[in-house]
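What follows is a single structure, written as structure tokens, with notes after it.
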């Protein structure tokens, strides 16, 4: 899977992509991340953004720069031969889910993600590219870089071989956010906080039933 990120702040991704599962997946060439900065297409002494028509606060990112960045991504020889999906992040877009991530792995070889900033990207970019608008939740973020990281992480986990055997097993198990480790009894401010007895029982069926009950 190849992820093409359109962003004016590519450096924001450096730390996150170097660590843990994603770092390993990149090193093993199971995924590839490519960046395209719209500012590279900006004329000298021109801004990447401009005032919005009709008035309003903030600045709007200029459409031609983002279209040129996407065109460069699309011009890649491997991208031309692949199955491409173009995504633009929007608070009003389709909600991203694990189901979406699994389907994306089956359907596409290349995913182009357009990350906006400020008051957003000129609406003509979405219309021209027919990009699918995607939201990662009912809240507003400063830019599209964090949503792009979320999609890279979630989609990559669905690619065969990205997760190790143990991690893959855990991914498929019925899990719960309520987890425990040593010590068995945690003493804190005069009180004892104990691990649930069922988790100490060694009875795998009872433990699985307990986890299922916590998910309801």
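The values are calculated or read from the model by the stated rules, or taken from the named source; none is laboratory data. Because the structure is a prediction, the values reported are computed rather than measured. We place every Cβ from the backbone using ideal geometry, glycine too, and count neighbours over all the protein chains shown.
Points to keep in mind about this one:
- Counted residues, the stretch 106-128 - those being assigned to a helix (DSSP H, G or I) and touching a residue at least 12 places away in the same chain (Cβ under 8 Å): 5
- All of 93, 137 fail the test of being assigned to a loop (DSSP other than H, G, I, E, B) and assigned by TED's automatic domain parsing to the domain that holds residue 58, apart from 137.
- Residue check, residue 33 under 23 Å from residue 107 (Cα atoms), without any contact (Cβ under 8 Å) to a residue 12 or more places away in the chain and in the same structural domain as residue 114 (by TED's automatic domain parsing): no
- Total residues in the stretch 181-216, condition assigned to a helix (DSSP H, G or I) and either out of contact with any helix residue (DSSP H, G or I) (no Cβ under 7 Å at 6 or more places or on another chain) or loosely packed, with under 10 Cβ neighbours inside 10 Å (or both): 11
- Number of residues in the stretch 11-51 that are over 23 Å from residue 146 (Cβ atoms), in contact with a helix residue (DSSP H, G or I) (Cβ under 8 Å, 6 or more places away or on another chain) and assigned to a strand (DSSP E or B): the value is 0.
- Any hit, the stretch 57-67, residues being in a loop (DSSP other than H, G, I, E, B) and loosely packed, with under 13 Cβ neighbours inside 10 Å: yes
- Matching residues, the stretch 86-99, being modelled with pLDDT of 95 or more and surrounded by 18 or more Cβ atoms within 10 Å (Cβ to Cβ): 86, 87, 88, 89, 96
- Of all residues in the stretch 68-87, those satisfying the criterion of being farther than 14 Å from residue 8 by Cα, touching a strand residue (DSSP E or B) at 6+ places or on another chain (Cβ under 8 Å) and not in a loop (DSSP other than H, G, I, E, B) are 72, 73, 74, 78, 79, 84, 85, 86, 87.
- Subset of the stretch 136-156 (residues that are surrounded by fewer than 17 Cβ atoms within 10 Å (Cβ to Cβ) and in contact with a strand residue (DSSP E or B) (Cβ under 7 Å, 6 or more places away or on another chain)): 140
- Of the residues making up the stretch 166-180, none is farther than 30 Å from residue 213 by Cβ and either in a loop (DSSP other than H, G, I, E, B) or at pLDDT 90 or above (or both).
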